[in-house]
Amino acid sequence: ARERMEAELQRLRHENEVLRSRLAQVSASRPELQHSAAAGVDFESQPRLEAGAHGLNSAQIARYSRQLLLPSFGAQAQARLLHSSVLIIGAGGLGSPAALYLAAAGAGRIGVVDQDVVEVNNLHRQIIHSEARVGKHKAESALAACRQLNSTNKVEVHKEAVTPKNALPLVSQYDVVLDCTDNAPTRYLISDACVVAGKPLVSGAAIGTDGQLTVYNYGEDGPCYRCLFPVAPRPESCSRCSDVGVLGVIPGIIGSLQALEAIKIMSMVGQVASRKLVIFDGLAMRFHTVKLRARMKDCIACGPDATVTAESLPSYSYTDFTGQEADDSGPPQLDLLPADQRITPQELLGSLQAGSCKPLIIDVRPQREFELAHLAGSANYPFEETPVRLPHLVKQCKQHTLDVQSQNSSSKQPDTPMRAGDHGTSNSNSGVASDGQHVVVVCRRGNDSQHIVQSLRQQGIQSAVDLIGGLSAWAQHADQSFPNY
């Protein structure tokens, strides 16, 4: 036994000499270590950091220490988060705070999907972007912000729209998916892809001063989007921020909650908001939760006899199913009137600049939009009030015609129709007259105004015409100082 102990001692001495030799070599190449040795630092007496079962290193412990101290979170949850991945579809009002908080919290791999560029009107709510990055691709802007916040994450950029052809390959690469979009076709598409790929989906929505949040396709009985909405909502019932507005902090709150749910799923802590719809009323500062139904057996996406599959999804038409385009732009342009009942912004500008008699301009936008900016001399008749105020509007149009005729008669100016392309002299297509007898109806995009022109002409106002493209087109083609919102 004594011989064995002496042999072991001899082996340890030899190993110690080898380690000292290696330390001397390292010290010779590292001046800072020589300085420490000269200062009398005894490395052998320094405490050693033993890696725990969590596998976190000292830098990670320092960075995420405030999360690690939580009894409900801790090192194991942080380690799971660091080894997880999340896909954020949409780097807008919802995706901005979600991406920032997920990057800060230590999500190991983050994918950001967006095809748009940063615009000034994004900045009040899309806080991941900045004035310096206006015009830059949103996905790249999000990448820059996340890296600036936490350089240890891996952030991947996808600068294309989500389509039926690429949705499944995209979501299959990640553990959790966040739907941060705001149109029905894309919501159905993302949900279907997550069901096929077996990925939980954290869905958020924010409009006006209200927000909603839920988690789809999670657990054994968690429903998908189609379970709750097997029939697509009518296009006219779907509101978007670009149409009705949103208070900037509302998507910030909902996007942060989306990040929270994703963190809980990836780190396996807490109760996930599956089969729950969290509703937030920002003006009343009130949260309440509604219980949702379980997964439906006859759902065409997640039911046992599903028809939405990996094979069928790439060719599925979500535009046909919802009756809407899969983008975040405004509503499609209507074409209800013949060419001779419509005018371009340039033609209206010419009519306003020609002669002493101006056309009557009827602005049918909501009063709050009219108060933002309007054409000089225009009268506001909100589209929603048409059933009540149409008789008064018809009366004003007829009086305008009489006043102009009287003024023209007293000045003995003959009626001179505008010729096409003359911008204020004549236009054979639109029939805008330089004598000012016409009634020009304007709205934001040139859709509501067409309906009003139809109503006016049915009431005998044959001089009513519509401004093509509305005031958005006016701001682009006639007066660039007019705010385009």
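Sorted by mean Cβ packing within 10 Å, highest first, what order do the peptides 54-66, 215-227 take? Intermediate values should be presented prior to the final figure.
On the way: 54-66: 13.7, 215-227: 21.5.
Order by mean packing, descending: 215-227, 54-66.
Remind me, relative contact order of the stretch 279-360 in percent, using alpha carbon pairs under 8 angstrom and six or more residues apart? Please list the in-between numbers first.
Values: 32 pairs, mean separation 7.2, N = 82.
Relative contact order of the stretch 279-360: 9 percent.
From the square roots a ≥ b ≥ c of the eigenvalues of the alpha-carbon gyration tensor of the stretch 144-287, which class results: rounded (a/c under 1.5), prolate (a/b over b/c), or oblate? Display every interim value, and only then the final one.
Details: a/c = 1.26, a/b = 1.11, b/c = 1.13.
Verdict is rounded for the stretch 144-287.
Listed highest first by mean packing, meaning other Cβ atoms within 10 Å per residue, what order do 274-281, 190-197 come in?
Numbers: 274-281: 17.0, 190-197: 26.0.
Going by the mean number of other Cβ atoms within 10 Å, highest first, we get 190-197, 274-281.
Cβ neighbours within 10 Å, averaged per peptide: list 357-370, 119-132 in order, most packed at the top.
On the way: 357-370: 19.7, 119-132: 16.8.
Output ranking for 357-370, 119-132: 357-370, 119-132.
Using modelled amide H (1.01 Å from N, peptide plane; none on Pro or chain starts), what sits under 5 Å from the amide H of Gly446, excluding residues fewer than 5 places away?
For Gly446, whose amide H was placed from the backbone, the distant partners under 5 Å are Gly470, Leu471.
With a ≥ b ≥ c taken as the square roots of the eigenvalues of the C-alpha gyration tensor of the stretch 311-393, please select rounded if a/c is under 1.5 and otherwise prolate if a/b is larger than b/c or oblate if it is not?
prolate
Using only the Cα atoms of the stretch 67-322, build the gyration tensor, take square roots of its eigenvalues as a ≥ b ≥ c, and label the shape rounded, prolate or oblate: rounded if a/c is under 1.5, else prolate if a/b is larger than b/c, else oblate. Please report the intermediate quantities before stating the final value.
Values: a/c = 1.31, a/b = 1.15, b/c = 1.14.
Since a/c stays below 1.5, the shape of the stretch 67-322 is classed as rounded.
Laboratory data are not the source of any read-out in this text; all were calculated from the coordinates shown. From a predicted model like this one, the values you see are computed outputs, not experimental measurements. Heads up, the Cβs are rebuilt from the backbone with ideal geometry, glycines too, and the neighbour counts pull from every protein chain shown.
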